[in-house]
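Some notes on the structure that comes next.
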Amino acid sequence: MTTNKATKKVKAKSPVIPANPVASVENVPVAPFPIVGMGASAGGLEAFNQFFRNITPDSGMAFVLVSHLDPSHVSILTEI
């Protein structure tokens, strides 16, 4: 004869979201280097290219590029 052991169901806790979830200096971790975000539409990709041609490679900054492209166009972002 086999017996079934009772299983305890554990309910996952939901993350606590503050009433005003706006980032502030107090709750944003500090990176060891500046992180620069840049955005452009499809016509602005040449501006990215010019920017990176003129900035020193050892600037000590990290860059996040966001581009808005028409899905039918080929992206050159990886070449920049």
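The values are calculated or read from the model by the stated rules, or taken from the named source; none is laboratory data. Keep in mind that what you see is a predicted model, and the values were worked out from it rather than measured. Glycine also receives a Cβ, built like all others from the backbone with ideal geometry; neighbour counts cover every protein chain displayed.
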Reported set for the range 56-78 where residues are closer than 11 Å to ALA42 by Cα, among the polar types (S, T, N, Q) and more than 18 Å from the chain's Cα centre (by Cα) is SER75
Filter the range 37-80 for residues that are of a type in the set (Ser, Thr, Tyr) and touching a Ser or Thr at 6+ places or on another chain (Cβ under 9 Å); the one that is surrounded by the most Cβ atoms within 10 Å (Cβ to Cβ) is SER67
Picking from THR2, THR56, THR7, the residue that is at pLDDT 80 or above, in a loop (DSSP other than H, G, I, E, B) and β-branched (Val, Ile, Thr) would be THR56
